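S.K.: Attaching a single structure in structure tokens format; questions to follow.
The values are calculated or read from the model by the stated rules, or taken from the named source; none is laboratory data. The structure displayed is predicted, hence computed values, not measured ones. Note that each Cβ is placed from the backbone with ideal geometry, even for glycine, and that neighbours are counted across all protein chains shown. Keep in mind that these areas ignore ligands, DNA and RNA; they rest on the heavy atoms of the full protein, side chains included. Shrake-Rupley method; radii C 1.70, N 1.55, O 1.52, S 1.80 Å.
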Amino acid sequence: MILANVFGFFFFLDETLRSLASPSSLQGPELHGWRPPVDCVRANELCAAESNCSSRYRTLRQCLAGRDRNTMLANKECQAALEVLQESPLYDCRCKRGMKKEVQCLQIYWSIHLGLTEGEEFYEASPYEPVTSRLSDIFRLASIFSGTGADPVVSAKSNHCLDAAKACNLNDNCKKLRSSYISICNRDLSTTERCNRRKCHKALRQFFDRVPSEYTYRMLFCSCQDQACAERRRQTIVPSCSYEEKEKPNCLDLRSVCRTDHLCRSRLADFHTNCRASYQTLTSCPADNYQACLGSYAGMIGFDMTPNYVDSSPSGIVVSPWCSCRGSGNMEEECEKFLRDFTENPCLRNAIQAFGNGTDVNLSPKNPSFQATQTPQVEKIPSLPDDLSDSTNLGTSVITTCTSVQEQGSKANNSKELSMCFTELTTNIIPGSNKVIRPNSGLSRARPTAALTLLSLLMLTLAL
């Protein structure tokens, strides 16, 4: 009888441990309550179809009108409306950059999230969906449009920024929108007014939102070996109209003006989300995604926070919005921190250099090797005319395109800038969480149960 009870105890313990070690027990609790995000326009439609959500949303919008967060939360009705909406699709909704109803989507997003923040935060979360594409995708598309097999000697002597302008002029959509913003931004209104800045910004936004990245990136982030090339790169956005002013405003004042506009606020938040320097990644970029950072940078062009290269030096890359920290008072430290996110940002600098060198970050599951890329030595060439007739005199010039780091082999690199290649590890990440499930985790948990089973069988054999 005693042996039978002992055997029953071990059998019960064995089954309990098996159930705890099963994959379903790992996934169930983690996935409970997770909702796939939808765009905010669709989330608003879903909320409008449900009476409780719809009424609470109207209440919250009334609460936010002309009130700060503390005043709003002091009202119990406002607080209740916010709590209900946190459980609705509106709370997790996101927007897509350049979507048809982008402004409406962003208005809905901020109508919820401005009520959740403790005053004005230094870094705000991006309202846009995460970027999953990589720079290697841009390189592949660029090679399709510009052709492959360019002579390395000719490529080394090319002005890559000029080649980028020629490639744009060979595409009808790119040429049309480029011609449009150049014409608008160069149009003098009077002797005292340089141009119509508002129309110039709008034309620039249309160009960078509607023209594929394989064209816009090559114009904006082309690599340069001489000052003529670097000056062409700096002139890409017609800075005399879109960027420069007589005096530089304070950077925190410029940020405050930007945050009064839903579009500008969203693009700035997206830049901070994707370009904020991270010291936990090899590239200093969040998730080692150069493409996300470059896209966020380009997305700010055409707004009050428009960034640009500060000079035409080919040896260093420094970008900044047109502002300074003069007159910051006791906010000078915060202002300097904000400005350094542009001028001294290793993620942004590495991303621009990686695009210019034609390199991207790739993951290798076994023995990741950190290969260096050879920076091509380019001879200085005379300045070329900066006009719209770039496509008319192609001659023997070859439109070059960036090549992947794998195609460059394992050549040694004597420069300070290293492009490291590695590949993503294959892990299963639970949606909506930062937890990782390893494929063999279930088996490793099951090993103790096998030992208990053998022990119980041994005791039963001895008893018999």
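S.K.: Here's a check for you: in segment 313-331, which residue that is among the hydrophobic types (A, V, I, L, M, F, W, C) and either closer than 16 Å to Leu252 by Cβ or in contact with a Leu (Cβ under 6 Å, 6 or more places away or on another chain) (or both) is most open to solvent (accessible area, probe 1.4 Å)? Walk me through it before giving the result.
M.R.: As a first pass, look at segment 313-331 and keep what is among the hydrophobic types (A, V, I, L, M, F, W, C): 317-319, 322-323, 325, 331.
Filter again for either closer than 16 Å to Leu252 by Cβ or in contact with a Leu (Cβ under 6 Å, 6 or more places away or on another chain) (or both), leaving 322-323, 325, 331.
On the way: Trp322: 55, Cys323: 6, Cys325: 15, Met331: 80 Å².
Among those residues, the one meeting the criterion is Met331.
Each row is one residue, and each column tells you yes or no for (1) open to solvent by less than 10 Å² (accessible area, probe 1.4 Å); (2) over 20 Å from Asn289 (Cα atoms); (3) more than 19 Å from the chain's Cα centre (by Cα).
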site: Phe208; (1), (2), (3): no, no, no
site: Arg218; (1), (2), (3): no, no, no
site: Ala230; (1), (2), (3): yes, yes, yes
site: Ile237; (1), (2), (3): yes, yes, yes
site: Cys251; (1), (2), (3): yes, yes, yes
site: Ser266; (1), (2), (3): yes, no, no
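S.K.: Any residue at all in segment 313-320 that's assigned to a strand (DSSP E or B) and at pLDDT 95 or above? Step through it out loud before you land on a result.
M.R.: Filtering segment 313-320 down to residues assigned to a strand (DSSP E or B) leaves 319-320.
Subsequent filtering for residues that are at pLDDT 95 or above retains 319-320.
Taking every residue of segment 313-320 in turn, at least one turns out to be assigned to a strand (DSSP E or B) and at pLDDT 95 or above.
S.K.: Looking at segment 92-122, which of its residues are hydroxyl-bearing (Ser, Thr, Tyr) and at pLDDT 90 or above?
M.R.: The answer is Tyr109, and nothing else.
S.K.: Okay, moving on. I'd like the full set of residues that are open to solvent by less than 100 Å² (accessible area, probe 1.4 Å), part of a helix (DSSP H, G or I) and of a type outside the set (Gly, Ala, Ser), limited to segment 177-201.
M.R.: Leu177, Arg178, Tyr181, Ile182, Ile184, Cys185, Arg197, Cys200, His201
S.K.: Identify all residues within segment 274-312 that are hydroxyl-bearing (Ser, Thr, Tyr), touching a helix residue (DSSP H, G or I) at 6+ places or on another chain (Cβ under 7 Å) and either at pLDDT 95 or above or open to solvent by 10 Å² or more (accessible area, probe 1.4 Å) (or both); write none if there are none.
M.R.: Correct list: Ser278, Thr281, Ser284, Tyr290, Ser296, Tyr297, Thr306, Tyr309, Ser312.
S.K.: Go through segment 248-264 and give me each residue that's in contact with a strand residue (DSSP E or B) (Cβ under 7 Å, 6 or more places away or on another chain) and charged (D, E, K, R).
M.R.: Lys248
S.K.: Consider Cys174 carefully, then state whether it is assigned to a helix (DSSP H, G or I), modelled with pLDDT of 60 or more and over 30 Å from Arg94 (Cα atoms). Before you say what the answer is, go through the steps one by one.
M.R.: Details: assigned to a helix (DSSP H, G or I): yes; modelled with pLDDT of 60 or more: yes; over 30 Å from Arg94 (Cα atoms): no.
When the stated conditions are applied, Cys174 does not pass them.
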